1. Any idea which of K70, K33, K9 is charged (D, E, K, R) and either at pLDDT below 80 or under 17 Å from the mean Cα position of the chain (by Cα) (or both)?
2. Out of everything in segment 75-98 that is free of Cβ contacts under 8 Å to residues at least 12 places away in the same chain, in a helix (DSSP H, G or I) and charged (D, E, K, R), what residue ends up being surrounded by the most Cβ atoms within 10 Å (Cβ to Cβ)?
3. N30 is checked against (1) more than 18 Å from L10 (Cβ to Cβ); (2) assigned by TED's automatic domain parsing to the domain that holds K14; (3) part of a helix (DSSP H, G or I); (4) not small (G, A, S) and fails just one. What number does that condition carry?
4. Can you report the number of residues in segment 36-62 which are exposed (fewer than 12 other Cβ atoms within 10 Å of the Cβ), basic (K, R) and modelled with pLDDT of 75 or more?
Amino acid sequence: MLRSSTTSKLKIFKQRLDEVHQKCSGSCHNVSKADKVLLTLFVNLSPVITALKPKYRHYTNGPLEGINRKIKQIQRTAYGYRTFKHLKARIYLQTYLGKDTKSSVKTA
């Protein structure tokens, strides 16, 4: 499954992660920025591992990024709407009117 070099690197990484966690258990004021990054990773380790499972690898945030780009383009083109209600209506018209929404949401 995993090569021995990868396995040894993972062991070293886990040891380093545990060291930082023990070091920061009392106070995190005298900790380097790199250690803070490792501590944040330790706190969020379970969701990160879950996201890396093969079951979730094929999901992408591409459709959401496309909608965000479309909204920004509408705002640039319009130079501002009088009310947020009008902007919301324009976004809805541009995004969903006359389009099959099921086919627009795809995974990689």
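The values are calculated or read from the model by the stated rules, or taken from the named source; none is laboratory data. It should be emphasised that the depicted structure is a prediction, and the values quoted were computed from it without experimental measurement. Cβ atoms come from the backbone with ideal geometry, glycine included; neighbour counts cover every protein chain shown.
1. Going through K70, K33, K9 in turn, the sole match is K9.
2. Among those residues, the one meeting the criterion is K88.
3. Evaluating N30 over (1) more than 18 Å from L10 (Cβ to Cβ); (2) assigned by TED's automatic domain parsing to the domain that holds K14; (3) part of a helix (DSSP H, G or I); (4) not small (G, A, S) leaves (3) as the failure.
4. Qualifying residue count for the region: 2.
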